[in-house]
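Down below is the structure, laid out as structure tokens.
Every number in this text was worked out from the coordinates using simple rules, so none of it is lab data. Since this is a predicted model, take the numbers as computed values, not measurements. Cβ placement follows ideal geometry from the backbone for every residue including glycine, while neighbour counts extend to all protein chains displayed.
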Amino acid sequence: MNGNFYIALIPLLPLATFVLLGLFGRKYLSSISGIIGTLSLLISTLISITTAYNYFLVDGKVNGVYQKIIAFNFTWLQFSPNVSIDLGAILDPISVMMLVVVTFVSLMVHIFSLGYMKGEERFATYYAFLSLFTFSMLGLVLSTNIFQIYMFWELVGVSSFLLIGYYFEKPSAVAASKKAFIVTRFADLGFLIGILILAFNAETLDFGTLIERLTNPASPYLINATTLSFFGMSALTWGLVMVFLGGAGKSAMFPFHIWLPDAMEGPTPVSALIHAATMVVAGVYLVARLFPIYSFDVTALHVVMYVGAFSALLAAVIACTQTDIKRVLAYSTMSQIGYMMFSLGVSSYGGENGLGYMASMFHLFTHAFFKSLLFLGAGAVIHLVHSNEMKDMGGLRKLMPITHITFLIACLAIAGIPPFAGFFSKEEILLAAFHSNKLIYGVALFTSGLTAFYMFRLYFTIFWSKPSYANASDGRESHAHAEHGEGTSTMKIPLIILGACAILAGFFPIASLVTSDGAALETHIDIVFSIAPVLLAIGGILLAMNLYKSENDKPQKLAISLGGFYTAAHKKFYMDEMYLFITKNIIFNIIGKTAAWIDKNIVDGFMNFLAGFTALISELIKGLQSGKLQQYAIYFFVGVIGFMLLFIYIWA
Amino acid sequence: MTNLTILILFPLITAIAVLFCRNSAQIRWTALAGSAIQLILASLLMHSYYAERAAGNVSQMLFESRTSWYSALNIEYYIGVDGISVIMIMMTAFVVLSGILISWKIESLTKEFFFLLLLLSVGAYGFFISLDLFTMFFFLEVAVIPKFLLIAIWGSGKKEYSAMKLALMLMGGSALVLVGLLVTYFKTDIGNGVHTFDLIKISHQHIPLETQKLIFPFLFVGFGVFTALFPFHTWVPDGHSSAPTAASMFLAGISMKLGGYGCLRVATYLMPEGAQYYSSVIVLLATIAIIYGAFATLMQKDLKYINAYSSVSHCGFILLGIGMLTKTAIIGAVLQMVSHGVMTALFFGAIGMIYDRTHTREVEKLGGLLKTIPFVASVYIIAGLCSLGLPGFSGFVSEMTIFMGAWQRPDAFHRIATILACASIVVTAVYILRAAGKAVMGPITNSQYNELTDATWTEKSASVLLTFAVLSIGLAPFWLIDLITPDTQLIMENLARGVLGN
């Protein structure tokens, strides 16, 4: 399969669309830019699916093990004889799976946006940015080289920045886009240093060589990297932990998660694509890509596990208290990514022990469908209600039946109710955690109950609660909305397709396709094991139903009875305030102001002093050059006498 | 294009032709035609250079020629180019042409303005082709004087102060360089006690270790002043903020690179042991410049001050790359010179376009320009993204090369310096996005901004030209690397010969 250059078309088509729409979209192609973007992505999607078919079913397997295939690779920037940034495409189970997920979800979002973004002044720009994002994400997925992944990593970051700040006239959108970029950039600093450490120790940037050199116990590189110690951790551990920091930033793991809820300022389809299904799982993908090395390093793997589990729990707790529909979904995303992370953390490499790895990838796969569905559904609701706040919604189920049903499917899927997609992947994660670490298992189980609760809190508040949306708001407005309806068919079709995926994705045989070592894994659903999580989920749903199905004061009472804890969770545990304090007071006011002050007063002050001093001296001595002959004669005589005295008394 | 003298003669002829023009339209078109042809000449030079190398010419310098200038002191007009100088010439040609385009609307003393711009470019071209230290020094001085006049006459704000400060500090730098060059000269001996200014010959001589230790600081600091070496960088913010747009572009794009080029070509190449002896000091000062410049930028409120301080930080990377003394880092330093040259010119160009329209550079007063003048605002954002090192633009390539090279020094001191330098890219993101978020994004702050007109054709051409340069490095760095790697190899060999290296 070597030399399959057609793979390059998958990312290059969106790139071409970006260039075309970016340069000419606004002036010449404004009305058809959506169609252009969607069609070119459709071709990409078809190529991706063909590639996946070929890889998984035709020629990816050798002796029952899926191979890593380099479709193409060329040197882009040579640092030194062995170390270079290459650009290429790798085909292995995770990259092929991601290709399909990214192109498919992106296609759904492209189609949905045809209706959702209709009439926007900068329609072409929107599609240009979407294409840029899709290109970058595909490049990231296909990376053969750790520096290549870093480059595309930055590019998805900037596409995310541009799309969050799409409504650039809103100060909140600008602030959110800045925050997202800067927080992830800070995390990327860790990634960069991690790359430098790994590259220095393995003398390569190529993934294949890197993994080979740092996993082979006899390799001098590995021995060197594990013996070098700095603050009690080996160079290898430092490298891996630093790389994980980058992953934690993009994947909104604690403590870098603060950008994700704010990122919801972007258009809702963008949230569905970038901040739910694709970019935010890049961190998981990165750890999975380097998993053979991580599995060698217990410390690094523990960091991944604890950060993942803590983020999952923290986000779920916060999600229960948020009132902005998109923010609830954002925290839910963070929580689910936490699942994927700790699932990698509890896994080891190869065979039965690689269950966690498989489960993580499985959850990534199913989550992409039901979470993008949730966001697109939320988008349809916001499109109708013109508000993100849950209090402005309620009783929408009759007004928007398709949205209602698909949203319900997605909620059941994320809650882990069989036979919806989320059930299967979450079961595998719980099983992997159960066999590895009981504490993590307990956290995961509790969180899955919480998940069911907050998702159905959302569901009941939007679609039930008030008797009917038409009665709730004033007549004229609701009339306009009724005409508006659920939106165009381009908005409904993606919902239906994704709804079907949210039901069926769980039956996809990921276990035999995507595993840590490429060999198929035997899995089975243990009915006894499933009882606890499913019961917990049902309990969560029933509780939410009790509290939110009709309007009542029970939620408020509950909130009051929880007291300070509720307030703290509602305020997101004051993380934003802490960050604000650090940036504003320490970075800006202390460091920044000091640097500026020193520069102005001390460094430049010295230069000015020097200039002033010179001027002063010249002022003092300019009298000597008066041009008066008598004065010069006196100097002359004084000098002569002085030299004479000197000559007579000292030299002689 | 093998006669290098054309590169300085042609802009000189253009400058003189400008003096004979009768109206401002003639002046502009003459200057534009001259600098456009100069860009073509530079491209031809690069093409011939590639062809010559491809044909297997391995001599250190190509297209050499020498004429005795002042034989009593053995001063020669000796010129020639290697890959590094070719790429610097190319960069200069890009910046000059776009500087001319962006100054299209200069109305007062048009003739003198364009004359000085072109004269400045003569100095830069001459500097980059010189292989005789005295000739090189001569062109360095040619490049300084026009700056003083450009700022003092066409500048804004406290222009007299800034012009004076810039001229005095750069002259101070030149004085140090001159002392260094003279001592070097008297330490050379090419037989029969004859001294030489010939750069190539000196590089084969062994200058005594003690002399190197004594002289290296003179040369390095002297050139370093030009490239904003901490703590001699204070002319940069004032100079840039007072300068007219094109002068800022020339100043940051070209002049600051004369210093970096001198630090590499003269100080480090000729004094390998001196460079090794002082390398920690260079790394220390460069790291301070990088991180301290970045933090000082955070507090600036004027778009030009932001970019000027940011230039201090970015030029720190050039010195850091040189100070690390590894091949990769030095390649990175050269890349950073070229990259920063075109990128910062684009940045100052964008700021100039904004200022011409809104008559303010205060970040707080601006806002919503992306809505009213989308082209200009987009140029600002593109320059900003390049400045914060986004992949695809030139800054990423050069900074990453420097980081990779710097990481090859495994001791704690160099590690910490490298990590601090890496950390500066986060601070860069903060100040760039802060400025862009307030000034060009956000709501429209002033109803008059609705009346603004977007870029003219000259401004658009200038922006496209520089964006093209930034992208051609950022998307395809391999051609640049091929160009400069052999020359860096020679510098490294000279360094390895030094006794301290072993």
If you line up the Cα atoms of the range B:420-473 on their principal axes, what length do they span on each, largest first, in Å?
44, 31, 9
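Can you tell me the relative contact order of the range B:93-181? Whole percent, Cα pairs under 8 Å, sequence separation 6 or more.
Details: 64 pairs, mean separation 20.0, N = 89.
Reported relative contact order: 23 percent.
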Lys and Arg at +1, Asp and Glu at -1: neighbours of B:SER103 with Cβ under 13 Å from its Cβ sum to -1
Those GluC sites (Glu not before Pro) from the range B:330-427 that are DSSP loop and have at most 13 other Cβ neighbours within 10 Å turn out to be B:GLU364
Can you tell me, using C-alpha contacts under 8 Å and at least 6 residues apart, the relative contact order of chain A as a whole percent?
12 percent
Check the straight Cα-Cα distances from B:LYS158 and name the aspartates and glutamates below 19 Å, setting aside those fewer than 8 residues away within the same chain.
A:ASP599, A:ASP604, B:ASP238, B:ASP302, B:ASP356, B:GLU362
Signed unit charges on C-beta, dipole axis of the protein assembly as shown, positive-most listed residue A:LEU196, B:GLY395, B:PRO443:
B:PRO443
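Expressed as a rounded percentage, what relative contact order does chain B have, with Cα pairs under 8 Å and six or more residues apart?
Contact order relative to length: 15 percent.
What is the Rg over Rh value, at two decimals, for the range A:252-341, using alpha-carbon atoms and the Kirkwood definition of Rh?
On the way: Rg = 13.5 Å, Rh = 13.4 Å.
We get a ratio of 1.01 for the range A:252-341.
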Phi-derived 3J(HN,Hα) across the range A:141-146 with the Karplus relation (6.51, -1.76, 1.60, θ = phi - 60°), rounded Hz, x for Gly and Pro, is 5, 7, 3, 9, 9, 5
Taking a temperature of 37 °C and a viscosity of 0.692 mPa s, what whole-number D in µm²/s does Stokes-Einstein yield for the range B:169-275 with Rh from Kirkwood over alpha carbon pairs?
226 µm²/s
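Roughly how crowded by other chains is peptide A:182-191, in terms of the mean Cβ count from those chains within 10 Å of each of its Cβ atoms?
Working: counts 8, 1, 1, 9, 6, 1, 4, 7, 1, 0.
Other-chain Cβ atoms within 10 Å of each residue's Cβ, averaged: 4.
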A:LEU504 label point, 7 Å along Cα→Cβ, cut-off 18 Å on backbone N: hits in the range A:387-419?
A:406-407, A:409-410, A:413, A:419
Across the range A:507-652, what fraction of all alpha-carbon pairs, as a whole percent, falls in each successive 10 Å bin from zero upward?
8, 10, 11, 11, 13, 8, 7, 6, 6, 6, 9, 3
Just report the Cα centroid separation between the range A:127-206 and the range A:573-652, whole Å.
48 Å
Positive end of the charge dipole of the range B:364-502 (Lys, Arg +1 and Asp, Glu -1 on Cβ, about the Cα centre): tell me which of B:LEU369, B:LEU466, B:ILE481 has its Cα farthest that way.
B:LEU369
Taking all pairs of distinct Cα atoms, average 1/r, flip it, and tell me the Kirkwood hydrodynamic radius of the protein assembly as shown in Å to one decimal place.
31.9 Å
Hey, how much of the P(r) for the range B:251-323 falls beyond 19 Å, as a percent of Cα pairs?
38 percent
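Within 10 Å of each Cβ in peptide A:145-155, how many partner chain Cβ atoms are there on average? Round it to a whole number, please.
Numbers: counts 0, 0, 3, 1, 0, 3, 6, 1, 1, 7, 3.
Average neighbour count from other chains, rounded to a whole number: 2.
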Rg/Rh for the range A:503-583, where both radii come from Cα atoms and Rh is the Kirkwood radius:
1.20
List the residues, sorted by chain then number, that are 5 or more residues from A:LEU205 or on another chain and whose placed amide H is less than 5 Å from its amide H.
A:SER84
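Remind me, what semi-axes does the range A:583-649 give for its equivalent ellipsoid, largest first in whole Å, using sqrt of 5 times each Cα gyration tensor eigenvalue? Please list the in-between numbers first.
Details: eigenvalues 542, 47, 4 Å².
Over the Cα atoms of the range A:583-649, the semi-axes work out to 52, 15, 4 Å.
Whole number please: convex hull volume per residue, Cα atoms of chain A, in Å³. Walk me through the numbers on the way to the answer.
Details: hull volume 169.1 nm³, N = 652.
That works out to 259 Å³ per residue.
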Under a crude label model (7 Å from the Cα following the beta-carbon direction), how far is A:LEU228 from B:TRP69 in nanometres?
4.7 nm
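Output the peptides A:12-21, A:611-620 sorted from most to least packed, where packing is the average of other Cβ atoms within 10 Å over each peptide's residues. Show your work: numbers first, answer last.
Details: A:12-21: 21.5, A:611-620: 10.5.
In decreasing order of mean packing, A:12-21, A:611-620 become A:12-21, A:611-620.
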If you place +1 on the Cβ of every Lys and Arg, -1 on the Cβ of every Asp and Glu, and leave all else neutral, what size is the dipole of the range A:192-348 about its Cα centre, to the nearest 20 Debye?
160 debye
Total formal charge among the other residues, if their Cβ is under 13 angstrom from that of A:ILE405, Lys/Arg +1 and Asp/Glu -1:
+2
Lys and Arg at +1, Asp and Glu at -1: neighbours of A:GLY354 with Cβ under 12 Å from its Cβ sum to -4
At q = 0.10, 0.12 1/Å the base-10 log of I(q)/I(0) from the Debye formula over the alpha-carbon atoms of the range B:361-502 is -0.52, -0.68
Projected onto the charge dipole of the protein assembly as shown (unit charges on the beta-carbon of Lys, Arg, Asp and Glu, signs +1, +1, -1, -1), the Cα from A:PHE244, A:TRP76, A:GLY351 with the largest positive-side position is that of A:PHE244
Degrees between helix B:209-226 axis and first principal axis of chain B (Cα, 0 to 90, nearest 10):
10 degrees
In nanometres, what is the gap between the two model label sites at B:TYR50 and B:GLU493, each 7 Å from Cα along Cα-to-Cβ?
2.5 nm
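Partner chain Cβ atoms within 10 Å, averaged over the residues of A:595-605 - can you pull that number for me? Present the calculation step by step, with values, prior to reporting the outcome.
Working: counts 10, 9, 2, 4, 12, 4, 0, 1, 7, 7, 1.
Counting Cβ atoms of other protein chains within 10 Å of each residue's Cβ and averaging gives 5.
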For A:TRP464, enumerate residues with amide H under 5 Å from its amide H, sequence gap 5+ or separate chain, H modeled in the peptide plane.
A:GLY395, A:LEU396
Amide H to amide H, which residues 5 or more places from A:ASP92 or on other chains are under 5 Å from it, using H placed in the peptide plane?
A:ILE69
Using alpha carbons only, how many degrees (0 to 90, rounded to 10) separate the axis of helix B:272-298 from the longest principal axis of chain B?
10 degrees
Could you let me know the centre-to-centre spacing of the range A:487-522 and the range B:94-115, using Cα atoms, in angstrom?
61 Å
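As an exercise, identify the trypsin sites (Lys or Arg not before Pro) in the range A:389-462 lying in DSSP coil whose Cβ has no more than 12 other Cβ atoms within 10 Å.
Working: sites: A:LYS391, A:ARG397, A:LYS398, A:LYS426, A:LYS438, A:ARG457; in loops: A:ARG397, A:LYS398.
Here the sparse-neighbourhood loop sites are A:LYS398.
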For the protein assembly as shown, with only Lys/Arg (+1) and Asp/Glu (-1) charged at the beta-carbon, what is the dipole magnitude about the Cα centre, in debye rounded to 20?
1840 debye
Only four residue types carry charge here, +1 at the Cβ of Lys and Arg and -1 at the Cβ of Asp and Glu. Report the dipole size of the range A:26-148 about the Cα centre in Debye, rounded to the nearest 20.
240 debye
Karplus 3J(HN,Hα) series, Hz, for the range A:635-649 with 6.51 cos²θ - 1.76 cosθ + 1.60 (x for Gly, Pro)
3, 4, 5, 4, x, 4, 5, x, 4, 4, 4, 4, 5, 5, 8
Once every Cα of chain B carries one equal point scatterer and solvent is ignored, give the base-10 log of I(q)/I(0) from the Debye formula at q = 0.11, 0.13 Å⁻¹, two decimals.
-0.86, -1.22
Among the lysines, which have Cα under 20 Å from the Cα of A:LYS178 when same-chain residues fewer than 8 positions away are ignored?
A:LYS170, A:LYS250, A:LYS326, A:LYS572, A:LYS584, B:LYS301, B:LYS365, B:LYS371, B:LYS438
Once the mean of 1/r over all distinct C-alpha pairs in the range B:30-141 is inverted, the Kirkwood radius in Å reads 15.3 Å
Estimated [θ] at 222 nm from DSSP helical runs (n ≥ 4, -39500 (n - 2.57)) normalised by residues in chain B, nearest 500
-24500 deg cm²/dmol
